[in-house]
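Asks: This is the structure I have questions about; it appears just below.
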Amino acid sequence: MATEPSSQIVLDAQLAQLPQLEHWLHTLAGQFAWPQSLIHRIDLCLTETVTNVISYGYPDGRAGAVRIRLWTHAGQIEVRIDDDGTAFDPTSYVLPALPVSLADASGDGRGIRLVRHFADEVRYRRGAPGNQLTLVFRDPDNAGHSGSRDSG
Amino acid sequence: MEMAVHDLESGILGIDLSGRMDIIGTQQIDLKFTALTATRKANVLVDLSNVTFMASIGIRTLINNAKAQKLRGGSMVLYRPNPQVEEVLKSTGIQAIIPIAHDIEAARGAFGSG
């Protein structure tokens, strides 16, 4: 996307940075007056994605960075997560069947399932710096105007 | 996250969770939650009404301890999640393996069926 994002944040690839992500998102949500359901969807998908990147993208413990950019458009919000960790495409991950008993409930893929459920679009691209995941959230209640604003 | 424990009627162990059940919040309660819910046989009622956010790591903790409790002959019921948390639980199929109840009568029935 050629336009400047409405806002962005860069995190060290450490789980202790997650509260900063939450604070950034909720500050934006207040500025743009997003409805609670939309805030929750974005919060959940970002939390799952960034937690996964930090937990598995840097297995050797090396330092890394995760950049999150967000664009607001009329009726939708686009979030792009770039990281320089291990290549991983969550859009091609084959989800296991939903569990039918406690005994067969595994821990695999639940976060990816949540992202696919709560985001309206999920796109992946492997570029020169690393992984790039784009999430789109539609907000039909605000389709009539652009929420764009200079957030400084 | 915070956790409170209290004995309810006739053998039901009530555990009230509150806060954000992401990886950081879950780590804060995980050991104590496991000690309470998975180390002795009980009917465990996990009150989620004050859980504001549920991530996959939180669901994993619930499943692991429900699984351990079942092996001991007890069971777990999830109680009064808010609509957003309930949608997260249902979108991952949890209601099929750990009952979700919104009133105490339904919870009693769920323990009975477990």
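The values are calculated or read from the model by the stated rules, or taken from the named source; none is laboratory data. Being a predicted model, the structure only gives us computed values, none of them experimental. Using ideal geometry, Cβ is built from the backbone for each residue, glycine included, and neighbour counts are taken over all protein chains shown. Calculation scope for accessible area: heavy atoms of the full protein, side chains included, ligands and nucleic acids excluded. Shrake-Rupley method; radii C 1.70, N 1.55, O 1.52, S 1.80 Å.
Asks: Got a sec? What order do A:ARG67, B:ARG72 fall in by accessible area at 1.4 Å, biggest, i.e. largest, first?
Replies: Values: A:ARG67 90, B:ARG72 120 Å².
The ordering from most to least exposed comes out as B:ARG72, A:ARG67.
Asks: Here is a further query. Express in Å², to the nearest 10, the accessible area of A:LEU102 obtained by rolling a 1.4 Å probe over the protein heavy atoms while all chains stay in place.
Replies: A:LEU102 exposes around 20 Å² with every protein chain in place.
Asks: Okay, moving on. Ordering B:MET3, B:MET76 by how much accessible area each has at a 1.4 Å probe, largest first, what is the list?
Replies: Numbers: B:MET3 35, B:MET76 10 Å².
Correct descending sequence by accessible area is B:MET3, B:MET76.
Asks: Same structure again: Expressed as an acute angle from 0 to 90° and rounded to the nearest 10, what is the orientation of the C-alpha long axis of helix A:36-56 relative to the principal long axis of chain A?
Replies: Helix A:36-56 sits at roughly 40 degrees to that axis.
Asks: Peptides A:72-84, A:44-56: what's the order by average Cβ count within 10 Å, highest mean first?
Replies: The peptides rank, most packed first, as A:44-56, A:72-84.
Asks: Another question about this same structure. Of the residues A:ARG62, A:ARG126, A:ARG113, which exhibits the maximal mean-square fluctuation in a Gaussian network model of chain A defined by a 10 Å Cα contact cut-off?
Replies: A:ARG62
Asks: Taking 0.36 nm per residue of separation and subtracting the Cα-Cα distance, what length does fully extending B:HIS102 through B:LEU8 add?
Replies: Extending this stretch completely gives an extra 32.3 nm.
Asks: Then there's this: Provide the net charge surrounding B:ALA107, with neighbours chosen by a C-beta distance below 11 Å and charges set as Lys +1, Arg +1, Asp -1, Glu -1.
Replies: Working: positive: B:ARG80, B:ARG108; negative: B:GLU9, B:ASP47, B:ASP103, B:GLU105.
That sum, taken over residues with Cβ under 11 Å, equals -2.
Asks: Separation of the range B:1-35 and the range A:92-129 by C-alpha centroid, Å?
Replies: The range B:1-35 and the range A:92-129 have Cα centres spaced 26 Å from each other.
Asks: Tally up the carbon and sulfur contribution to the accessible surface of the protein assembly as shown as a whole percent, 1.4 Å probe, everything protein left in place.
Replies: Heavy-atom surface of the protein assembly as shown belonging to carbon and sulfur, 1.4 Å probe: 51 percent.
Asks: May I ask you to list the aspartates and glutamates whose Cα is less than 17 Å away from that of B:LYS70, ignoring any residue fewer than eight positions away on the same chain?
Replies: A:ASP104
Asks: Mind listing the phi-derived Karplus ³J(HN,Hα) values for the range A:93-99, rounded to whole Hz, using 6.51, -1.76 and 1.60 with θ = phi - 60°, and x for any glycine or proline?
Replies: Residue by residue, the range A:93-99 yields 5, 8, 6, x, 4, 4, x Hz.
Asks: Using Cα atoms only, what is the angle between the long axis of helix A:18-32 and the major principal axis of chain A, expressed in degrees (0 to 90) to the nearest 10?
Replies: Approximately 30 degrees, to the nearest ten.
Asks: Now a separate question. Please average, across the residues of B:93-99, the number of beta carbons from any other chain that are within 10 Å of each residue's own beta carbon, and give a whole number.
Replies: On the way: counts 7, 4, 0, 6, 8, 3, 0.
So the per-residue partner count for this stretch is 4.
Asks: For chain B, give me the percentage of DSSP beta bridges that are antiparallel, rounded to the nearest 5 percent. All intermediate terms of the calculation are to be shown ahead of the outcome.
Replies: On the way: 6 of 22 bridges.
Of those bridges, close to 25 percent are antiparallel.
Asks: Average partner chain C-beta neighbours within 10 Å, per residue of A:12-22?
Replies: For peptide A:12-22, the averaged partner shielding equals 2.
Asks: Per-residue mean of other chain beta-carbon atoms within 10 angstrom of the beta-carbon, peptide A:98-111?
Replies: The per-residue average across the peptide is 6.
Asks: At 222 nm, what value in deg cm²/dmol follows for the protein assembly as shown if DSSP H runs of at least 4 each add -39500 (n - 2.57) and the sum is divided by all its residues, to the nearest 500?
Replies: -11500 deg cm²/dmol
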